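To start, the structure itself, in structure tokens.
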Amino acid sequence: MLKVRFFKTENGAEPVRDWLKDLSIVDKKIIGCDIKTVQYSFPIGKPLVASLGNGLWEIRSRITDGIARVIFIEYHSDLILLHGFIKKTQKTPIHDINLAISRKNKLINAK
């Protein structure tokens, strides 16, 4: 089992936690259950989890209004949630991947 942690910015903000707070109760529950499944079953593959390369993974949740993604890394036996968003296109937008890479690099370089 991996410990789930939220990425924290330098000022202590937790972007994924903040994003989740803005979702409906139903959507929070769906995403939370999917995160828990990954926490207890990683490594796991599609349809729930897909590799984005560079050590990034995405949790693929079907929510009430579409598809949500939570990008994470596995780091020192932790599942670190880097970025969450509602997917609007077939392919994961490059700016979302780049944001997750930036947060991953900040985390790794801070240790």
Sole residue being at pLDDT 95 or above, surrounded by fewer than 14 Cβ atoms within 10 Å (Cβ to Cβ) and of a type in the set (Gly, Ala, Ser), chosen from Ser77, Ser61, Ser51
Ser51
Can you say whether Ile101 is within 20 Å of Gly45 (Cβ to Cβ) and at pLDDT 95 or above, as far as the supplied structure shows?
no
Among residues belonging to region 85-111 that are in contact (Cβ under 8 Å) with a residue 12 or more places away in the chain, over 15 Å from Gly55 (Cα atoms) and surrounded by 12 or more Cβ atoms within 10 Å (Cβ to Cβ), point out the one that is nearest to the chain's Cα centre (by Cα).
Phe85
Got at least one residue in region 22-31 being touching a Ser or Thr at 6+ places or on another chain (Cβ under 8 Å), crowded, with 18+ Cβ neighbours inside 10 Å and either part of a strand (DSSP E or B) or at pLDDT 95 or above (or both)?
yes
I need a count of the residues in region 39-94 that are among the aliphatic types (A, V, I, L, M) and part of a loop (DSSP other than H, G, I, E, B).
2
Condition check: touching a Phe, Trp or Tyr at 6+ places or on another chain (Cβ under 7 Å) and charged (D, E, K, R). Does Asp22 satisfy that?
no
Within region 38-52, does at least one residue satisfy the condition of being charged (D, E, K, R) and without any contact (Cβ under 8 Å) to a residue 12 or more places away in the chain?
no
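The values are calculated or read from the model by the stated rules, or taken from the named source; none is laboratory data. What you are looking at is a predicted structure, and each value in this text was computed from that prediction instead of being measured. Please note: Cβ atoms are built from the backbone with ideal geometry, for glycine as well, and neighbour counts cover all protein chains shown.
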